[in-house]
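Notes to accompany the following structure.
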Amino acid sequence: MLFWRTHHLPQTLLSSTSKFSQTAHRNMTTITSSTTIPDDFTTHLRSSTRILALLGAGLSASSGLPTFRGAGGLWRSNDATSLATPEAFHANPSLVWQFYSYRRHQALKAQPNAAHYALAELARRRPEFLTISQNVDGLSQRAGHVRGRGGLELLHGSLFEVRCTGFECDFVNEEDFRDPIAEALRLEDDGRDISSADVPLREVGIEELPHCPKCGENLLRPG
Ligand SMILES: [Zn+2]
């Protein structure tokens, strides 16, 4: 088995300024014949029958997406990890939706890089190829990397997965890429960064938060 971590990926694959344009993912020959990729890597990849790629934050950083950990782990003086909990949503769904909307908006402004496209193409060509990602930013999915069925498995879920809070409703959407997801959560790129506690946060009522399209009654929550 070839165990492939993204920080071991050849830098050429990770660099958005490489000669591999985002259309080069259609041509793996171009990628694998590059002289910047070590021959033994290419040979080993081609001869492997079971391949596992483990993706981490470095892959997103190459698309210009900072991690919260890198920014000190705070969002408006709240511990970012404590906002991403069912308890926080129950206590203040408006604040949690604004936190998620902010992160969704940042992720959607970033673009998948050449490595995302290469991994998605490899998954299409090699059904036995498995990818496990720690990233929640949706960049792999936007590069065409399909979730489930042995393709892309998300260790920490996705910012773009939403589900109904109703006990009797089973609505789930794994890829809700709307931005904003509700009009009251719209973010303008006007230089005011609401992750800073110094920037006023608008009041958003419960009725303005995203609601389930299936039952029509209950709030949606981040997945
Ligand atoms: Zn529902």
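Nothing in this text is a laboratory measurement; each read-out follows from the coordinates by a stated rule. Here the structure is a predicted model, which is why all the values come from computation and not from measurement. Backbone-built Cβ (ideal geometry, glycine too); neighbour counts: all protein chains shown.
Remarks
- Spacing of the two label points (7 Å from each Cα toward its C-beta) at residue 149 and residue 196, in nm: 4.6
- Shape of segment 120-218, Cα gyration tensor, a/c cut at 1.5: oblate
- Neighbourhood charge, 12 Å Cβ-Cβ cut-off, centred on residue 176 and excluding it, Lys, Arg +1 and Asp, Glu -1: 0
- 97, 75 arranged by Cβ crowding within 10 Å, fewest neighbours leading: 75, 97
- Burial ordering of 77, 48, fewest other beta-carbon atoms within 10 Å first: 77, 48
- Taking other C-beta atoms within 10 Å as the exposure proxy, 79, 39, 176 rank 39, 79, 176 from fewest upward.
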